[in-house]
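In what follows, a single structure is set out as structure tokens and then discussed.
Derivation of every value follows stated rules applied to the coordinates shown; laboratory data play no part. All values reported here derive from a predicted model rather than from experimental measurement. Reconstructed Cβ throughout: ideal geometry from the backbone, glycine too, with neighbour counts over all protein chains shown.
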Amino acid sequence: MKNTFFCTNNVLPGSLAILAMAVPALAYAHAYPTHQAPSAGSTVPVSQKDVAIDFDEGVEPAFSSIAVTDAKGSSVTNGKAVVDQANNKHLSVALQALTAGTYAVAWVALATDGHRTQGHYSFTVK
């Protein structure tokens, strides 16, 4: 009786094979960070000029963003986040002059395939 179910139903094995091939494709259908600068939990000097995030997929400039706020919730970004024209996987935003404290980063990325991801982390300035 081993594998009886799979041997007697020819449609099911083919369906399972298609599903098995589709699942990995779906897993890569979103843009996830591969590198963050400054990184989550890191400590950086007051001279930090920007926040940059690299993704594993290209991101759409008009629908992707990085917001950076201080401990009071005030924005410390200097302009909008931009996608590097030579590398659409690189999103960055310039920062105003920073002072010592903890800063929160919230990002939203719309992958070029149309899937949206988001996340947040913090870093410290000393």
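Here Val108 passes the criteria (1) without any contact (Cβ under 8 Å) to a residue 12 or more places away in the chain; (2) touching a Lys or Arg at 6+ places or on another chain (Cβ under 8 Å); (3) not acidic (Asp, Glu) except the one numbered (1). Please verify whether segment 53-71 includes one or more residues that are exposed (fewer than 15 other Cβ atoms within 10 Å of the Cβ) and of a type in the set (S, T, N, Q). No, segment 53-71 contains no residue that is exposed (fewer than 15 other Cβ atoms within 10 Å of the Cβ) and of a type in the set (S, T, N, Q).
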